[in-house]
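Q: Structure below; questions to follow.
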Amino acid sequence: QEAVSSAAPVVVGSSKIITATSVKVNVSMPEAAARAAATGADGVGLLRIEHLILGLNKTPNWFIDNHREEEFIQELLNGIKVVLDAFPGKPVWVRTLDAPTDEFRNMQGGKSEPIEHNPMLGWRGIRRDLQSPKQFRLQIETFKRLWDLGYDNLGIMFPMVSHPNEFIKAKEEFKSAGVDVENVDLGIMIEIPASAVIIEDFVRAGIKFASFGTNDLIQYTIAIDRNNENVTDMYWPKHPAVLALIDRAIKACREGGVEVSICGQAGSEPDMVTWLVQHGITSVSSNIDAIAKIRETVARTEQRIILEGARKNYGL
Ligand code: PEP
Ligand code: MG
């Protein structure tokens, strides 16, 4: 099916309603790219590259130890390219590797993965990349080749960031690999409460965008394991503390002119999306199957905001 441009005339169905708040889509695998683009989404708010890597059944270190770096780069590059090609001219935010060590354990090379008591709080995301320069450079080299090929819609998002120094160090790695860092979009996930609390420092550090990873942000804010069924009932996306963190981060990003989005599961829930639009989020990214409903929710919420504003202004 052909991709639908958001600039296309409004003709059929809710997927073509134009909204001020961008409605993007989450993509896990290149195989889903065409279906994701057919929703008419305004871009990709999250491409999780660990699925591409986990699908190879080998750890990044395996490729490095066996001098098969080029193979790793080609696999990653070809997978990301499929998604970029499905969204021409629309932003595609690719997230750097974020797999907990236990997910690598059974793969080739997995025996050298550290055994961690709590992998969710362990060696993953930007922490692992900053401590594993070779692994990080393979990813950066892949992104650089894509930018060199002209894919300027590619943006890179760092997961599990808790302090601006991590963003600054990551950016330096890109710079020393020859990337023109001031002219590409580098941003962060807000999924550790610390990063929401000191979001102003990230804005000052030059993030181009931020996206709420609510799956983790919720679990770390209210100490509810997202994968533990004993506490599933207490996993509460709209817990006031979660909303307070999100609210202050949206305000700080908007004041700093930084795009602020959501790519956690809560971004596929109409109730949460209504709240987010009311609180000024600039884009949302949802699952493929939720796009039509979320676009409609965003449109209705925006209409309500406009109507309420007009009523107030004109004393109606
Ligand atoms: C999140 O934490 O909300 C997120 C999008 O990342 P993941 O679910 O991959 O941890
Ligand atoms: Mg996460």
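Q: Tell me the residue from Val94, Val83 that is at pLDDT 95 or above and either polar (S, T, N, Q) or not in a helix (DSSP H, G or I) (or both), please.
A: Values: Val83 fails: either polar (S, T, N, Q) or not in a helix (DSSP H, G or I) (or both).
Being at pLDDT 95 or above and either polar (S, T, N, Q) or not in a helix (DSSP H, G or I) (or both) holds for just one of Val94, Val83, which is Val94.
Q: Do we find that Ile281 is away from ligand 2 (no atom under 16 Å from the Cβ), assigned to a helix (DSSP H, G or I) and of a type outside the set (Gly, Ala, Ser) in this structure? Before the answer, list the steps.
A: Numbers: away from ligand 2 (no atom under 16 Å from the Cβ): yes; assigned to a helix (DSSP H, G or I): no; of a type outside the set (Gly, Ala, Ser): yes.
For Ile281, the condition - away from ligand 2 (no atom under 16 Å from the Cβ), assigned to a helix (DSSP H, G or I) and of a type outside the set (Gly, Ala, Ser) - is not met.
Q: In segment 93-122, what residues are over 26 Å from Pro30 (Cα atoms), surrounded by fewer than 17 Cβ atoms within 10 Å (Cβ to Cβ) and not small (Gly, Ala, Ser)?
A: Lys111, Pro114, Ile115, Glu116, His117, Asn118, Leu121
Q: Against the definition (in a loop (DSSP other than H, G, I, E, B) and within 16 Å of ligand 1 (Cβ to nearest atom)), how does Leu56 come out, yes or no? Reasoning before the result, please.
A: Working: in a loop (DSSP other than H, G, I, E, B): yes; within 16 Å of ligand 1 (Cβ to nearest atom): no.
It is false that Leu56 is in a loop (DSSP other than H, G, I, E, B) and within 16 Å of ligand 1 (Cβ to nearest atom).
Q: Restricting to segment 202-216, and then to whatever is crowded, with 21+ Cβ neighbours inside 10 Å and part of a helix (DSSP H, G or I), can you tell me which residue is farthest from ligand 1 (Cβ to nearest atom)?
A: Phe202
Residues checked against (1) within 16 Å of ligand 1 (Cβ to nearest atom); (2) over 24 Å from Val284 (Cβ atoms):
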site: Asp152; (1), (2): no, no
site: Gly155; (1), (2): yes, no
site: Gly178; (1), (2): no, yes
site: Met189; (1), (2): yes, no
site: Ile218; (1), (2): yes, no
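Q: To continue, here is another question. Collect the residues in segment 50-80 that are within 27 Å of Lys208 (Cα to Cα) and at pLDDT below 95, keeping them in residue-number order.
A: Of everything in segment 50-80, those that are within 27 Å of Lys208 (Cα to Cα) and at pLDDT below 95 turn out to be Glu50, His51, Leu52, Ile53.
Q: Go through the residues of segment 231-244 one by one and say whether even a single one is of a type in the set (Phe, Trp, Tyr), out of contact with any Lys or Arg (no Cβ under 6 Å at 6 or more places or on another chain) and closer than 23 Å to Ser283 by Cβ.
A: Within segment 231-244, the first condition is being of a type in the set (Phe, Trp, Tyr), and the residues that meet it are 235-236.
Then drop every residue that is not out of contact with any Lys or Arg (no Cβ under 6 Å at 6 or more places or on another chain), which leaves 235-236.
Subset that is closer than 23 Å to Ser283 by Cβ: none.
Scanning segment 231-244 turns up no residue that is of a type in the set (Phe, Trp, Tyr), out of contact with any Lys or Arg (no Cβ under 6 Å at 6 or more places or on another chain) and closer than 23 Å to Ser283 by Cβ.
Q: While we're on this one: Among the residues in segment 181-194, are any within 16 Å of ligand 2 (Cβ to nearest atom), in contact with a helix residue (DSSP H, G or I) (Cβ under 6 Å, 6 or more places away or on another chain), assigned to a helix (DSSP H, G or I) and not charged (D, E, K, R)?
A: yes
The values are calculated or read from the model by the stated rules, or taken from the named source; none is laboratory data. All figures in this text were calculated on a predicted structure; none of them were measured in a lab. Heads up, the Cβs are rebuilt from the backbone with ideal geometry, glycines too, and the neighbour counts pull from every protein chain shown.
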